[in-house]
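What follows is a set of notes on a single structure, which appears directly below.
Computed from the coordinates by the stated procedures, all read-outs in this text should not be read as laboratory data. It should be emphasised that the depicted structure is a prediction, and the values quoted were computed from it without experimental measurement. Note that each Cβ is placed from the backbone with ideal geometry, even for glycine, and that neighbours are counted across all protein chains shown.
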Ligand code: IVH
């Protein structure tokens, strides 16, 4: 088969697999098989740029960062919705649409039979959950995704199509679509993706996103589409823009056509004819809310029939034919028992409330955020108070306010701590923030090291929070580089650490030496430098030496680096001991070179993830790994569904078994040597 035919075949196969997985929820292949097809396609597309296609499934992984978003006019303005929280208002709306003068045509398979005994008005209203995300207008031209505009000011929006192409549940190519198909909908993070994201931000000491909507919006604002790819956004359609063919005469009919195209529509949709029926449905939605797995903040009600919609028309702001019922945030009263000041890896102390357990939005809540000392003072929250706790839009619970009517007089004021609960040094308060400035505070050291060892940073397997705490408490480790000063003997002195795990840890540390500059930098807890900024740095600086000789304005010129980040980084390197940290790591043999992808070089293994195991016939393991990196591969320590190849030699043990189980392709040294001799 020639390369073009293979590329087309691979694209089709991957599209079919995406559809089966994301739309039909019925996967046709395993992760490893899928990843292999994708890797093969990436390689072929790199070798044959003449067959490039922006809608190839390879665009799902993100691609090159943009300089700026291009702004485009909406062919039809993107309107907003009127909100309502109360039944009388909803009744008024039903009255208004009922007086519109046109009846909903009775539908053959329609839901008229749904409410046989209820009194019926003439206008049929469709209800569906209001998804709490970011509105977009997507445009397919001749079946290919061409444009994705944010709402912007409703008249013009930004083109975020590169970001949108990473959304896995969205078809990039639609066979048999109308020539022009504009679909409006919501981009959002589901509950799992949101808690994953905030979980890793919390561990990183980065500010948390207050809710899934902010997180989705923040993700789409990044010019680097790989950020979107990593965070696993989803899309759901809730309306149409310009469409060149007729998709039916009502929203319920068009929804079905969209589904046929493989475009996800908003899960449960029901119909109602009266405000009373609608209220019943709204209560059902509200009670199911926490089971949906994605964030909703209300119910959207709309006149189903397009003719009736057109007759009702719109104001400049919102259509008259639709309205949003907003849910009230769920709140519950409980007793505030204790405030604990948690120390982050940067030394910030944040107050966390422990409360009497209370049921909220389907979960038992014991802890909630108190934000900061200023909030506590402003709201006059006291220990022993009955407080209202809120979980709005599935976010981390928050203490809203004290219930003053429940005060007994025995409550006590919460004072800002004066000394660090861990190292007892004096704390510093700057506005709402309280810091422990003692860099050798063991709570900070523990937090920093645990973050450094984490999966998305140095990925040191076996080195979890507990072991880190033991190591720090035993005085064995204080700096990052100290980790590589550990030996089996000293580990054996720790409680519950046996011969086997001690050896495993030393081995994992040894492997982690070669993670490369990006992972090291993202692990060091440099203010404002997370995974993305670290990767940007490693793409622009060859190694730590290049980084150390850069000026703050060099940093400022990097994509997504502002003046503040640039300054903070420079100061961290040159005024806060960063240079010494890097030199110490370097002295311990940690590879501080960037694993750079040089598109002009010979990099047939770019985008491949390779694990090396066993004894190779001629090459040492370190040597083989270095060669693999030269060829563009990322080399990791453990086999997972993300692994492209396992390079196995003699006595390959459990990794080989895992690779076989996951369907990861196993290769030998000869394969590597063949790549090295082009
Ligand atoms: S219908 C003219 N249906 O909420 C707009 N909107 O607060 C008709 N939204 O602008 C939109 N879920 O971005 C509709 N099921 C749903 C929705 C939904 C979320 C968004 C949409 C809208 C905003 C208004």
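The ellipsoid that matches the Cα gyration tensor of the stretch 312-403 has semi-axes, each √(5λ) in whole angstrom, of 34, 16, 13, with the longest given first. Given a Förster radius of 41 Å and the C-beta distance between residue 292 and residue 674 as r, what FRET efficiency does 1/(1 + (r/R0)^6) yield to the nearest 0.05? Working from the Cβ atoms, E equals 0.20.
Compute the angle between helix 621-630 and the longest alpha-carbon principal axis of the chain, please, reported from 0 to 90 degrees and rounded to the nearest 10. Here the helix axis deviates by roughly 50 degrees.
Exposure proxy ranking for 153, 53, 18, based on other Cβ atoms within 10 angstrom of each Cβ and starting from the fewest, stands as 153, 53, 18. With q set to 0.24, 0.27 Å⁻¹, the log10 of I(q)/I(0) for the stretch 1-57, from the Debye formula over equal scatterers at the Cα positions, is -0.93, -1.09.
Per DSSP H run of n ≥ 4, the term is -39500 (n - 2.57); total these for the chain, divide by its residue number, and report the mean residue ellipticity at 222 nm rounded to 500 deg cm²/dmol. Walk me through the intermediate numbers first.
On the way: 24 runs with 233 residues, N = 678.
That comes out to -10000 deg cm²/dmol.
In terms of its C-alpha gyration tensor, the stretch 378-488 comes out prolate, because a/c is 1.5 or above and the ratio a/b outweighs b/c.
Applying 0.36 nm per residue to the separation of residue 25 and residue 506 and subtracting their alpha-carbon distance, the gain on full extension is 169.0 nm. With the simple spin-label model, which puts each label point 7 Å out from Cα in the Cβ direction, the residue 545 to residue 455 separation comes to 3.7 nm. In terms of its alpha-carbon gyration tensor, the chain comes out oblate; a/c meets the 1.5 threshold, while b/c is at least as large as a/b. Spin-label model, residue 47/residue 311: points 7 Å from Cα along the beta carbon direction are separated by 6.3 nm.
What shape does the stretch 607-677 have by the C-alpha gyration tensor, where a ≥ b ≥ c are the square roots of the eigenvalues, rounded means a/c under 1.5, and otherwise prolate means a/b greater than b/c and oblate the rest?
Details: a/c = 1.78, a/b = 1.25, b/c = 1.42.
Oblate shape, in that a/c is at least 1.5 and b/c is the bigger or equal ratio.
Principal-axis analysis of the Cα atoms of the chain puts helix 251-260 at an angle of about 40° to the longest axis.
Taking other Cβ within 10 Å of each residue's Cβ, how do 496, 221, 661 sort, fewest first? Each step should come with its number before you reach the end.
Details: 496 8, 221 16, 661 11.
Lowest count first: 496, 661, 221.
As a proxy for reagent exposure, 414, 323 were ordered by neighbouring Cβ count within 10 angstrom, fewest first; the result is 414, 323.
Quick one: if the Förster radius is 25 Å, what FRET efficiency do residue 492 and residue 465 give, using the C-beta to C-beta distance and rounding to 0.05?
Details: r = 20 Å, r/R0 = 0.82.
After rounding, the FRET efficiency stands at 0.75.
The smallest convex shape that holds all Cα atoms of the stretch 468-537, its convex hull, gives 93 Å³ per residue. What is the helix-to-structure angle for 31-47, meaning the angle in degrees between its Cα long axis and the longest Cα principal axis of the chain, kept from 0 to 90 and rounded to the nearest 10? Approximately 80 degrees, to the nearest 10.
Label positions at residue 407 and residue 95, each projected 7 Å from the Cα along the C-beta direction, are separated by 4.3 nm.
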